[in-house]
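Student: Structure incoming, see below.
What follows is calculated from the coordinates using simple rules that are stated; it is not laboratory data. Quick caveat, the model's predicted, so the values are computed rather than measured. Ideal geometry is used to build each Cβ from the backbone, glycine not excepted, and the neighbour counts take in all protein chains shown.
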């Protein structure tokens, strides 16, 4: 598992001419970095007398961050395995009609799985944006730019994951799956745009007080 390897190894493997790790995995890692920035900002707020009134909210955000960090680390690995499944499906034999049918079925199943993983990365990233937006005004203002970085990273993770969702939809035959996912994509992107706008506006307002 890459989480227990050096960062250098992961970055090197990403840079190679291999299909994994790819954009979905990298998007998840960007989300992990976002949770770390949120936690840093929250921990610099926790335990300070000046921020005693918001301590319950800070503790709640820290707990969500811990959970999301673990989830995104899992998804970073899951995305790699999901895309390996797509590669294996495309490599199946198609020398006769029966094999062609089995191969098509395997490809569709693998593509749906490879779509589900980045979709979960995007959902997790949207949640990150939600509580980062809540953190801006209650965090230690000395850390406001770090909260801003957390928001930008969460937004990048979400959009990167969504690109991977969309490209897979082009090859999925089930109209029901495609339509359902497209509807979620649209709603998620609209909500994310509002959240990152709100986060950055609050960050700039605090910076220029």
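Student: Once you put a point 7 Å from the Cα of residue 142 and another 7 Å from the Cα of residue 185, both along the Cβ direction, what distance in nm separates them?
Tutor: 4.5 nm
Student: So, R0 is 41 Å and r is the distance between the beta-carbons of residue 100 and residue 197; what FRET efficiency does that work out to, to 0.05?
Tutor: Computed FRET efficiency for residue 100 and residue 197 comes out at 0.25.
Student: Turning to a different aspect of this structure: Between residue 18 and residue 66, with labels modelled 7 Å along Cα→Cβ, what's the label distance in nm to one decimal, could you check?
Tutor: Simple spin-label model gives 3.4 nm for this pair.
Student: Relative to the present Cα-Cα distance, how much length would full extension add between residue 11 and residue 170 at 0.36 nm per residue of separation?
Tutor: Contour length minus Cα-Cα distance gives 54.4 nm.
Student: Oh, and also: Summing -39500 (n - 2.57) over the DSSP H runs of n ≥ 4 in the chain and dividing by its residue number, what mean residue ellipticity at 222 nm do you reach, to the nearest 500 deg cm²/dmol?
Tutor: Dividing the helical sum by the residues of the chain leaves -28000 deg cm²/dmol.
Student: So the label point goes 7 Å from the Cα of residue 108 along Cα→C-beta, right? Which residues of segment 159-189 then have their backbone N under 13 Å from it?
Tutor: 171-178
Student: Using a simple spin-label model with points 7 Å from Cα along the Cα→Cβ vector, what separation in nm is obtained for residue 90 and residue 209?
Tutor: If labels sit at residue 90 and residue 209, their model points lie 5.2 nm apart.
Student: Something else: Using the Kirkwood formula on the Cα atoms of segment 33-112, what hydrodynamic radius do you get, in angstrom to one decimal?
Tutor: 16.0 Å
Student: Hey, what angle do you get for helix 175-207 against the long axis of the chain, alpha-carbon based, 0 to 90 degrees rounded to 10?
Tutor: On a 0 to 90 degree scale, this one is about 20.
Student: Give me the Kirkwood hydrodynamic radius of the chain, using the inverse of the mean 1/r over all pairs of distinct Cα atoms, in Å to one decimal.
Tutor: Here the Kirkwood hydrodynamic radius works out to 18.4 Å.
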